[in-house]
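Input: a single structure, listed below in C-alpha coordinates.
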Amino acid sequence: MTTLHVIAHSPFADNRLASCLRLLGIEDALLLCGDAVYALRPGSEPLRDLQAMNLEGRLFALKEDLQARAIDGGLAKAVDYPAFVELSLHHDKVNSWL
Amino acid sequence: MNDLTVDDRSIALDKDGFLVDLNDWSPEVAEALAQREQLLLTSDHWEILDVLRDFYAQYQLAPATRPLIKYTALRLGPEKGNSPHLNRLFNGTPAKLAAKLAGLPKPTNCI
Amino acid sequence: MARSLLIISRQAPWKGPSAREALDIALAGGAFDLPLGMLFLDDGVFQLQAEQQPAVLEQKNLAANLQALPMFGVDELFVCAHSLAARGLDLCHLALPAEPLDAPALRALIARFDEVITL
(Lines give C-alpha, C1' and ligand atoms only; values in the text may rest on other atoms or scores of the structure.)
Protein backbone atom coordinates (compact mmCIF):
# COMPACT_ATOMS: atom_id res chain seq x y z
CA MET A 1 0.00 0.00 0.00
CA THR A 2 1.30 3.43 -0.88
CA THR A 3 1.61 6.29 1.57
CA LEU A 4 1.68 10.04 1.03
CA HIS A 5 3.82 11.49 3.82
CA VAL A 6 3.09 15.12 4.72
CA ILE A 7 5.58 17.23 6.65
CA ALA A 8 5.02 20.81 7.76
CA HIS A 9 7.98 21.43 10.09
CA SER A 10 11.32 22.99 9.19
CA PRO A 11 14.05 20.39 8.66
CA PHE A 12 16.41 22.70 10.56
CA ALA A 13 14.33 22.51 13.73
CA ASP A 14 13.86 18.77 14.16
CA ASN A 15 14.43 15.40 12.51
CA ARG A 16 11.02 14.68 11.00
CA LEU A 17 12.37 14.90 7.47
CA ALA A 18 15.42 12.73 8.18
CA SER A 19 13.25 10.06 9.82
CA CYS A 20 10.67 10.24 7.07
CA LEU A 21 13.32 9.70 4.39
CA ARG A 22 14.39 6.57 6.24
CA LEU A 23 10.82 5.26 6.33
CA LEU A 24 9.85 6.27 2.80
CA GLY A 25 8.87 3.25 0.72
CA ILE A 26 9.86 3.10 -2.94
CA GLU A 27 6.30 3.85 -4.03
CA ASP A 28 5.61 6.41 -1.31
CA ALA A 29 5.46 10.14 -1.97
CA LEU A 30 6.44 13.13 0.14
CA LEU A 31 4.66 16.46 0.27
CA LEU A 32 6.33 19.43 1.95
CA CYS A 33 4.24 22.30 3.22
CA GLY A 34 4.62 25.12 5.72
CA ASP A 35 8.16 25.53 7.00
CA ALA A 36 9.06 22.10 5.63
CA VAL A 37 9.53 23.73 2.21
CA TYR A 38 12.75 25.24 3.64
CA ALA A 39 14.18 21.78 2.92
CA LEU A 40 14.31 22.91 -0.72
CA ARG A 41 16.70 25.83 -0.07
CA PRO A 42 19.45 25.60 -2.68
CA GLY A 43 22.77 24.59 -1.15
CA SER A 44 21.16 23.37 2.08
CA GLU A 45 21.84 20.05 3.81
CA PRO A 46 18.24 18.78 3.61
CA LEU A 47 18.18 19.51 -0.13
CA ARG A 48 21.32 17.39 -0.53
CA ASP A 49 19.60 14.60 1.45
CA LEU A 50 16.56 14.85 -0.82
CA GLN A 51 18.73 14.83 -3.93
CA ALA A 52 20.52 11.72 -2.68
CA MET A 53 17.21 9.84 -2.74
CA ASN A 54 15.58 8.95 -6.00
CA LEU A 55 12.41 10.98 -5.50
CA GLU A 56 11.63 11.96 -9.05
CA GLY A 57 7.85 12.27 -9.45
CA ARG A 58 7.35 11.54 -5.76
CA LEU A 59 8.38 14.85 -4.16
CA PHE A 60 5.86 17.67 -3.94
CA ALA A 61 5.68 21.07 -2.27
CA LEU A 62 2.75 23.36 -1.67
CA LYS A 63 2.99 26.22 -4.17
CA GLU A 64 1.83 29.03 -1.91
CA ASP A 65 4.21 28.04 0.89
CA LEU A 66 7.10 28.10 -1.61
CA GLN A 67 6.07 31.50 -2.97
CA ALA A 68 5.59 33.03 0.45
CA ARG A 69 9.09 31.95 1.48
CA ALA A 70 10.73 32.91 -1.83
CA ILE A 71 11.86 29.37 -2.48
CA ASP A 72 12.13 27.86 -5.90
CA GLY A 73 10.55 24.40 -5.86
CA GLY A 74 13.34 22.99 -8.01
CA LEU A 75 13.54 19.33 -7.10
CA ALA A 76 9.90 19.22 -5.95
CA LYS A 77 6.81 19.57 -8.08
CA ALA A 78 4.82 22.59 -6.89
CA VAL A 79 1.16 21.77 -6.24
CA ASP A 80 -1.85 23.85 -5.29
CA TYR A 81 -4.52 22.71 -2.82
CA PRO A 82 -6.71 20.90 -5.39
CA ALA A 83 -3.62 18.98 -6.53
CA PHE A 84 -2.82 18.20 -2.87
CA VAL A 85 -6.28 16.66 -2.48
CA GLU A 86 -5.77 14.77 -5.72
CA LEU A 87 -2.48 13.39 -4.40
CA SER A 88 -4.11 12.30 -1.14
CA LEU A 89 -6.72 10.35 -3.07
CA HIS A 90 -4.10 8.83 -5.32
CA HIS A 91 -2.41 7.11 -2.34
CA ASP A 92 -3.82 4.42 -0.09
CA LYS A 93 -3.21 6.53 2.99
CA VAL A 94 -1.80 9.82 4.18
CA ASN A 95 0.66 10.01 7.05
CA SER A 96 0.81 13.50 8.53
CA TRP A 97 3.90 14.08 10.63
CA LEU A 98 2.21 16.15 13.37
CA MET B 1 -23.04 16.21 50.18
CA ASN B 2 -20.83 13.69 48.41
CA ASP B 3 -18.86 12.77 51.46
CA LEU B 4 -18.63 9.32 52.90
CA THR B 5 -18.40 8.78 56.65
CA VAL B 6 -16.42 5.78 57.81
CA ASP B 7 -15.56 5.37 61.50
CA ASP B 8 -16.33 9.06 62.12
CA ARG B 9 -13.90 10.00 59.36
CA SER B 10 -15.24 12.09 56.51
CA ILE B 11 -13.99 11.00 53.10
CA ALA B 12 -14.40 13.18 50.02
CA LEU B 13 -15.98 11.72 46.89
CA ASP B 14 -16.28 13.25 43.44
CA LYS B 15 -19.60 13.76 41.68
CA ASP B 16 -19.59 10.16 40.42
CA GLY B 17 -18.80 8.72 43.83
CA PHE B 18 -15.10 8.03 43.22
CA LEU B 19 -12.55 8.80 45.94
CA VAL B 20 -11.03 12.25 45.54
CA ASP B 21 -7.88 11.11 47.33
CA LEU B 22 -6.94 7.53 46.49
CA ASN B 23 -4.99 7.29 49.74
CA ASP B 24 -8.29 7.39 51.62
CA TRP B 25 -9.01 3.82 50.56
CA SER B 26 -9.28 0.98 53.07
CA PRO B 27 -11.30 -2.24 53.10
CA GLU B 28 -13.80 -0.46 55.38
CA VAL B 29 -14.11 2.38 52.87
CA ALA B 30 -14.73 -0.20 50.14
CA GLU B 31 -17.55 -1.74 52.22
CA ALA B 32 -19.09 1.70 52.75
CA LEU B 33 -18.82 2.57 49.05
CA ALA B 34 -20.45 -0.76 48.19
CA GLN B 35 -23.30 -0.01 50.57
CA ARG B 36 -24.01 3.21 48.64
CA GLU B 37 -24.44 1.00 45.58
CA GLN B 38 -26.69 -1.48 47.41
CA LEU B 39 -23.99 -4.09 47.15
CA LEU B 40 -22.72 -6.47 49.81
CA LEU B 41 -19.11 -7.45 49.19
CA THR B 42 -18.46 -11.20 49.23
CA SER B 43 -15.17 -13.02 48.76
CA ASP B 44 -16.01 -13.22 45.05
CA HIS B 45 -16.07 -9.43 44.93
CA TRP B 46 -12.96 -9.05 47.02
CA GLU B 47 -10.76 -11.20 44.81
CA ILE B 48 -11.67 -8.96 41.88
CA LEU B 49 -11.00 -5.80 43.87
CA ASP B 50 -7.60 -7.21 44.84
CA VAL B 51 -6.86 -7.96 41.19
CA LEU B 52 -7.88 -4.41 40.25
CA ARG B 53 -5.63 -2.89 42.88
CA ASP B 54 -2.75 -4.99 41.55
CA PHE B 55 -3.54 -3.80 38.03
CA TYR B 56 -3.38 -0.20 39.20
CA ALA B 57 -0.16 -0.74 41.15
CA GLN B 58 1.44 -2.27 38.06
CA TYR B 59 0.14 -0.03 35.28
CA GLN B 60 -0.88 3.16 37.13
CA LEU B 61 -4.21 3.33 35.36
CA ALA B 62 -7.69 1.92 35.80
CA PRO B 63 -8.63 -0.66 33.17
CA ALA B 64 -11.57 -0.51 30.79
CA THR B 65 -13.76 -3.63 30.65
CA ARG B 66 -11.73 -5.58 28.12
CA PRO B 67 -8.36 -5.29 29.87
CA LEU B 68 -10.07 -5.96 33.20
CA ILE B 69 -11.43 -9.25 31.86
CA LYS B 70 -8.09 -10.16 30.33
CA TYR B 71 -6.09 -9.36 33.47
CA THR B 72 -8.58 -11.17 35.73
CA ALA B 73 -8.43 -14.26 33.50
CA LEU B 74 -4.65 -14.11 33.68
CA ARG B 75 -4.68 -13.91 37.47
CA LEU B 76 -7.72 -15.98 38.50
CA GLY B 77 -8.42 -18.12 35.46
CA PRO B 78 -11.01 -17.85 32.68
CA GLU B 79 -13.90 -18.96 34.93
CA LYS B 80 -13.45 -15.64 36.81
CA GLY B 81 -12.07 -13.52 34.02
CA ASN B 82 -15.13 -13.36 31.80
CA SER B 83 -17.76 -10.79 31.20
CA PRO B 84 -20.87 -12.63 32.61
CA HIS B 85 -19.11 -13.30 35.92
CA LEU B 86 -17.87 -9.72 36.30
CA ASN B 87 -21.18 -8.24 35.15
CA ARG B 88 -23.05 -10.34 37.68
CA LEU B 89 -20.79 -9.24 40.54
CA PHE B 90 -20.75 -5.56 39.65
CA ASN B 91 -24.25 -4.74 38.43
CA GLY B 92 -23.36 -4.85 34.75
CA THR B 93 -20.68 -2.14 34.84
CA PRO B 94 -17.62 -3.96 36.22
CA ALA B 95 -14.91 -1.60 34.95
CA LYS B 96 -16.58 1.45 36.45
CA LEU B 97 -18.10 0.05 39.63
CA ALA B 98 -15.25 -2.25 40.62
CA ALA B 99 -12.74 0.57 40.03
CA LYS B 100 -14.81 2.79 42.30
CA LEU B 101 -14.94 0.19 45.09
CA ALA B 102 -11.26 -0.66 44.71
CA GLY B 103 -10.35 2.99 45.20
CA LEU B 104 -9.05 3.53 41.67
CA PRO B 105 -9.59 6.61 39.55
CA LYS B 106 -12.38 6.56 37.00
CA PRO B 107 -11.30 4.28 34.12
CA THR B 108 -10.00 6.21 31.15
CA ASN B 109 -11.41 5.22 27.79
CA CYS B 110 -14.43 3.69 29.46
CA ILE B 111 -17.57 4.92 27.77
CA MET C 1 -13.46 -5.64 9.25
CA ALA C 2 -12.16 -2.55 10.99
CA ARG C 3 -9.30 -0.73 9.31
CA SER C 4 -5.95 -1.22 10.98
CA LEU C 5 -4.13 1.76 12.45
CA LEU C 6 -0.44 2.26 13.11
CA ILE C 7 0.32 4.94 15.69
CA ILE C 8 3.82 6.36 15.39
CA SER C 9 4.90 8.07 18.60
CA ARG C 10 8.04 10.14 18.23
CA GLN C 11 8.25 12.56 21.16
CA ALA C 12 9.89 12.09 24.53
CA PRO C 13 7.43 11.70 27.42
CA TRP C 14 8.43 15.14 28.74
CA LYS C 15 7.73 17.00 25.52
CA GLY C 16 4.19 18.20 25.85
CA PRO C 17 1.09 16.02 25.59
CA SER C 18 2.14 14.18 22.42
CA ALA C 19 3.29 10.89 23.98
CA ARG C 20 0.26 10.79 26.28
CA GLU C 21 -2.09 11.45 23.35
CA ALA C 22 -0.57 8.66 21.29
CA LEU C 23 -1.06 6.28 24.22
CA ASP C 24 -4.66 7.45 24.72
CA ILE C 25 -5.46 6.69 21.08
CA ALA C 26 -3.95 3.22 21.51
CA LEU C 27 -5.81 2.50 24.77
CA ALA C 28 -9.14 3.74 23.43
CA GLY C 29 -8.74 1.80 20.19
CA GLY C 30 -7.64 -1.31 22.04
CA ALA C 31 -10.65 -1.13 24.36
CA PHE C 32 -12.83 -1.24 21.23
CA ASP C 33 -10.94 -4.15 19.76
CA LEU C 34 -9.51 -2.19 16.83
CA PRO C 35 -6.48 -3.71 15.09
CA LEU C 36 -3.71 -1.42 16.27
CA GLY C 37 0.03 -1.24 16.14
CA MET C 38 2.36 1.21 17.83
CA LEU C 39 5.80 2.28 16.66
CA PHE C 40 8.23 4.24 18.81
CA LEU C 41 10.41 6.43 16.65
CA ASP C 42 12.98 9.20 17.26
CA ASP C 43 12.70 10.58 20.81
CA GLY C 44 9.60 8.41 21.24
CA VAL C 45 11.94 5.55 22.19
CA PHE C 46 12.68 7.42 25.44
CA GLN C 47 9.10 6.63 26.50
CA LEU C 48 10.12 3.00 26.80
CA GLN C 49 13.18 3.53 28.98
CA ALA C 50 13.07 1.60 32.25
CA GLU C 51 13.44 3.12 35.71
CA GLN C 52 12.25 6.61 34.88
CA GLN C 53 11.01 8.61 37.85
CA PRO C 54 8.31 10.95 36.54
CA ALA C 55 6.99 11.46 40.09
CA VAL C 56 9.99 13.74 40.69
CA LEU C 57 8.39 16.11 38.17
CA GLU C 58 4.90 15.32 39.48
CA GLN C 59 4.02 13.54 36.27
CA LYS C 60 2.26 10.27 35.68
CA ASN C 61 4.29 7.19 34.91
CA LEU C 62 3.90 6.82 31.16
CA ALA C 63 6.20 3.77 30.98
CA ALA C 64 3.95 1.97 33.49
CA ASN C 65 0.87 2.95 31.45
CA LEU C 66 2.51 1.72 28.24
CA GLN C 67 3.01 -1.70 29.80
CA ALA C 68 -0.78 -2.03 29.97
CA LEU C 69 -1.05 -1.98 26.16
CA PRO C 70 -1.03 -5.79 25.78
CA MET C 71 -3.87 -5.92 28.36
CA PHE C 72 -5.81 -3.56 26.09
CA GLY C 73 -5.21 -5.94 23.19
CA VAL C 74 -2.42 -3.88 21.64
CA ASP C 75 0.28 -6.51 21.15
CA GLU C 76 1.99 -5.12 18.09
CA LEU C 77 4.66 -2.91 19.62
CA PHE C 78 7.64 -1.87 17.55
CA VAL C 79 10.67 0.31 18.06
CA CYS C 80 12.97 1.85 15.49
CA ALA C 81 16.38 0.18 15.90
CA HIS C 82 18.13 3.22 14.42
CA SER C 83 16.47 5.60 16.92
CA LEU C 84 17.47 3.31 19.79
CA ALA C 85 21.09 3.00 18.71
CA ALA C 86 21.40 6.75 18.04
CA ARG C 87 20.35 7.39 21.66
CA GLY C 88 22.62 4.81 23.22
CA LEU C 89 19.67 2.61 24.11
CA ASP C 90 19.45 -1.12 23.88
CA LEU C 91 16.48 -3.46 24.16
CA CYS C 92 17.65 -4.36 27.67
CA HIS C 93 17.07 -0.72 28.72
CA LEU C 94 13.37 -0.89 27.85
CA ALA C 95 10.55 -1.25 30.34
CA LEU C 96 8.42 -3.30 27.95
CA PRO C 97 9.11 -5.64 25.08
CA ALA C 98 8.94 -4.04 21.66
CA GLU C 99 10.21 -5.51 18.43
CA PRO C 100 13.19 -3.61 16.99
CA LEU C 101 12.91 -2.93 13.26
CA ASP C 102 15.50 -1.75 10.76
CA ALA C 103 14.65 0.62 7.90
CA PRO C 104 13.38 -1.98 5.39
CA ALA C 105 11.22 -3.59 8.08
CA LEU C 106 9.84 -0.15 9.04
CA ARG C 107 8.89 0.54 5.42
CA ALA C 108 7.11 -2.82 5.24
CA LEU C 109 5.35 -2.11 8.54
CA ILE C 110 3.95 1.22 7.36
CA ALA C 111 2.86 -0.33 4.08
CA ARG C 112 1.00 -3.10 5.93
CA PHE C 113 -1.38 -0.87 7.93
CA ASP C 114 -4.51 0.75 6.48
CA GLU C 115 -3.99 4.03 8.32
CA VAL C 116 -0.96 5.71 9.88
CA ILE C 117 -0.80 8.64 12.25
CA THR C 118 2.43 10.23 13.48
CA LEU C 119 2.39 12.17 16.73
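Scan the range A:20-43 for residues that are surrounded by fewer than 23 Cβ atoms within 10 Å (Cβ to Cβ), over 13 Å from A:Ser88 (Cα atoms) and either touching a residue at least 24 places away in the same chain (Cβ under 8 Å) or touching a Gly at 6+ places or on another chain (Cβ under 8 Å) (or both) and the total you get is 10. Say whether the condition of being within 13 Å of another protein chain (Cβ to nearest Cβ), surrounded by 19 or more Cβ atoms within 10 Å (Cβ to Cβ), within 12 Å of the chain's Cα centre (by Cα) and within 15 Å of C:Arg10 (Cα to Cα) is met by at least one residue in the range C:65-76. Within the range C:65-76, one or more residues are within 13 Å of another protein chain (Cβ to nearest Cβ), surrounded by 19 or more Cβ atoms within 10 Å (Cβ to Cβ), within 12 Å of the chain's Cα centre (by Cα) and within 15 Å of C:Arg10 (Cα to Cα). In the set B:Leu101, B:Leu68, only one residue is surrounded by 15 or more Cβ atoms within 10 Å (Cβ to Cβ), without any contact (Cβ under 8 Å) to a residue 60 or more places away in the chain and either touching a His at 6+ places or on another chain (Cβ under 9 Å) or not assigned by TED's automatic domain parsing to the domain that holds B:Asp8 (or both); that residue is B:Leu68.
When C:Asp42 is tested against (1) among the acidic types (Asp, Glu); (2) without any contact (Cβ under 8 Å) to a residue 40 or more places away in the chain; (3) touching a helix residue (DSSP H, G or I) at 6+ places or on another chain (Cβ under 8 Å), exactly one condition is not met: (2). Looking only at residues of the range B:13-58 that are modelled with pLDDT of 90 or more and small (Gly, Ala, Ser), we find that the one that is nearest to C:Asn61 (Cα to Cα) is B:Ala57.
In this structure, does B:Ile11 turn out to be β-branched (Val, Ile, Thr), farther than 17 Å from C:Met71 by Cα, in contact with a helix residue (DSSP H, G or I) (Cβ under 8 Å, 6 or more places away or on another chain) and buried (at least 17 other Cβ atoms within 10 Å of the Cβ)? For B:Ile11, the condition - β-branched (Val, Ile, Thr), farther than 17 Å from C:Met71 by Cα, in contact with a helix residue (DSSP H, G or I) (Cβ under 8 Å, 6 or more places away or on another chain) and buried (at least 17 other Cβ atoms within 10 Å of the Cβ) - is met. Summed over the range C:16-60, residues that are part of a helix (DSSP H, G or I) and either away from chain B (no Cβ under 11 Å) or buried (at least 17 other Cβ atoms within 10 Å of the Cβ) (or both) total 22. Residues in the range A:52-98 that are within 13 Å of A:Gly34 (Cβ to Cβ) and small (Gly, Ala, Ser): A:Ala61, A:Ala68, A:Ser96.
Need at least 2 residues that are within 14 Å of chain C (Cβ to nearest Cβ) and closer than 24 Å to C:Asp24 by Cβ per element, so show me which helices (runs of 4 or more DSSP H) inside the range B:5-111 make the cut, counting only ones lying wholly within it. Where helices (runs of 4 or more DSSP H) fall fully within the range B:5-111 and carry at least 2 residues being within 14 Å of chain C (Cβ to nearest Cβ) and closer than 24 Å to C:Asp24 by Cβ, they are B:43-59, B:65-76, B:94-101.
Answer yes or no: is there a residue in the range B:75-94 that is surrounded by 20 or more Cβ atoms within 10 Å (Cβ to Cβ), more than 10 Å from the chain's Cα centre (by Cα) and closer than 25 Å to C:Ala95 by Cβ. Among the residues of the range B:75-94, not one is surrounded by 20 or more Cβ atoms within 10 Å (Cβ to Cβ), more than 10 Å from the chain's Cα centre (by Cα) and closer than 25 Å to C:Ala95 by Cβ, which makes the answer no. Each residue in the range A:44-98 was checked for being among the β-branched types (Val, Ile, Thr) and touching a residue at least 60 places away in the same chain (Cβ under 8 Å), and 1 pass. Pairing residues of the range B:3-28 that are touching a residue at least 24 places away in the same chain (Cβ under 8 Å) and farther than 17 Å from B:Lys96 by Cβ with residues that are surrounded by 11 or more Cβ atoms within 10 Å (Cβ to Cβ) and among the charged types (D, E, K, R), at Cβ distances under 6 Å and at least 6 apart in sequence or on separate chains, gives B:Val6/B:Glu28.
The values are calculated or read from the model by the stated rules, or taken from the named source; none is laboratory data. Computed from a predicted structure; not experimentally measured. As a convention, Cβ positions derive from the backbone with ideal geometry for all residues, glycine included, and neighbour counts pool all protein chains shown.
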